[in-house]
Amino acid sequence: MAQQWIYLNGDFVSKEDAKISVYDHGFLYGDGIFEGIRIYGGNIFKCKEHLDRLYDSAKSIMLDMPLSHGEMQDALVETIRRNGMRDGYIRLVVSRGPGNLGLDPKRCPSAWVIIIVEQLAIYPEEAYKNGLVSVSVSQRRNIPDALNPKIKSLNYLNNILVKIQANLAGVGEAIMLNSQGYVAEGSSDNIFIIKNGVVYTPPCYVGALEGITRAAIIDLCAKHGYKLKEEPFTLHDVYVADEVFFTGTAAEVIAVREVDGRTIGSGKAGPITTNLLQEFRKIVTVDGVKAFE
Ligand code: PMP
């Protein structure tokens with residue numbers, strides 16, 4: 001990519017000049033929210049759904065958004081155009097903004113909006129056929145009545161601790177349980193299992209983000225006649241599943257071939273996972289908002 005332009009509070013600045021205050025409460029306290037969005041062939045996939053989730057997160061943490069929904073979409077489109085980015089990843093960050101060293105958000109008069117578009121390093125195509133190796137980790141998901149995982153906040157330490165455990169185990173994505181021992185999600189992906197033709201995913205109250213890819217897969221299951229149940233399940237159910245896959249904006253729909261040393265199904269991407277990935281890839285260039293005329 002030639003010159004990379006970053007949206008910073010209404011201005012476009014170069015990557016080198018895109019700086020934030022050390023008093024920014026997103027930086028000091030993780031006080032803010034964000035979205036990760038994909039652009040496929042100039043289409044901002046599920047743009048409305050991402051913005052809806054962003055504004056829901058803002059409402060939940062009482063963060064006054066400096067832009068309307070429509071203005072935010074315009075800012076996204078403009079940033080993509082400026083960067084000539086037809087296929088890539090958008091990081092949209094809204095921080096509480098600069099305040100003082102105290103944690104009181106009343107001291108932060110205006111939120112900051114940052115939009116970064118970049119090329120995306122994703123799993124090699126081989127991983128989608130052969131599946132990932134994964135492990136469960138001891139780090140538990142934040143409990144919803146302390147910090148609800150439905151809020152896509154800048155406070156990702158819970159997820160980072162999972163990622164560290166994944167790194168120690170030498171795997172790309174790990175499985176996190178909630179405090180009752182039910183499977184919640186990955187460090188940055190939702191999880192699905194398939195048993196006897198039925199697709200299962202944990203309900204979000206178990207402790208999972210309401211993933212946009214997750215919702216797209218739930219829709220595709222309905223459209224293509226796969227029975228889907230949102231119900232809590234345990235690691236045992238994962239071990240004995242016929243198929244397991246993760247979903248996420250970056251990962252898309254990626255099969256898991258092994259969990260905690262147990263081979264899942266045939267030890268490669270199963271037929272339903274493969275079919276759902278194919279169907280998913282058909283909608284990514286059409287379902288959303290076009291960034292270019
Ligand atoms: N869970 C967590 C914790 C995540 O960070 C993500 C990535 N946004 C997901 C699940 C997947 O959500 P989505 O499909 O909206 O990317």
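The values are calculated or read from the model by the stated rules, or taken from the named source; none is laboratory data. Bear in mind that the values here come from a model prediction, so they are computed numbers and not experimental data. Backbone-built Cβ (ideal geometry, glycine too); neighbour counts: all protein chains shown.
Things to note:
- Counting only strands (runs of 3 or more DSSP E) that sit completely within the range 1-105, those holding 1 or more residues that are over 27 Å from R281 (Cβ atoms) correspond to 5-8, 11-14, 32-40, 88-95.
- Of all residue pairs spaced 6 or more apart or on separate chains, those with beta-carbon atoms under 6 Å, a first member in the range 195-214 that is farther than 17 Å from E279 by Cβ and a second member that is part of a helix (DSSP H, G or I) are E210/C204.
- Taking each residue of the range 71-85 that is within 19 Å of A2 (Cα to Cα) and looking for partners that are hydroxyl-bearing (S, T, Y) with beta-carbon atoms closer than 6 Å, six or more apart or interchain, yields T79/Y7.
- Per this entry, V259 is counted among residues that are touching a residue at least 12 places away in the same chain (Cβ under 8 Å), more than 14 Å from the ligand (Cβ to nearest atom) and not assigned by TED's automatic domain parsing to the domain that holds G84.
- In the set (1) surrounded by fewer than 21 Cβ atoms within 10 Å (Cβ to Cβ); (2) of a type outside the set (A, V, I, L, M); (3) under 20 Å from the mean Cα position of the chain (by Cα), the condition left unmet by Y128 is number (1).
- Residue list for the range 148-160, restricted to those being buried (at least 16 other Cβ atoms within 10 Å of the Cβ) and more than 17 Å from P203 (Cβ to Cβ): K152, S153, L154, N155, N158, N159
- Scanning the range 15-55 for residues being without any contact (Cβ under 8 Å) to a residue 40 or more places away in the chain and either out of contact with any Phe, Trp or Tyr (no Cβ under 9 Å at 6 or more places or on another chain) or closer than 15 Å to A75 by Cα (or both) gives a total of 7.
- Across the range 54-75, the number of residues qualifying as in contact with a helix residue (DSSP H, G or I) (Cβ under 7 Å, 6 or more places away or on another chain) and not hydroxyl-bearing (S, T, Y) comes to 5.
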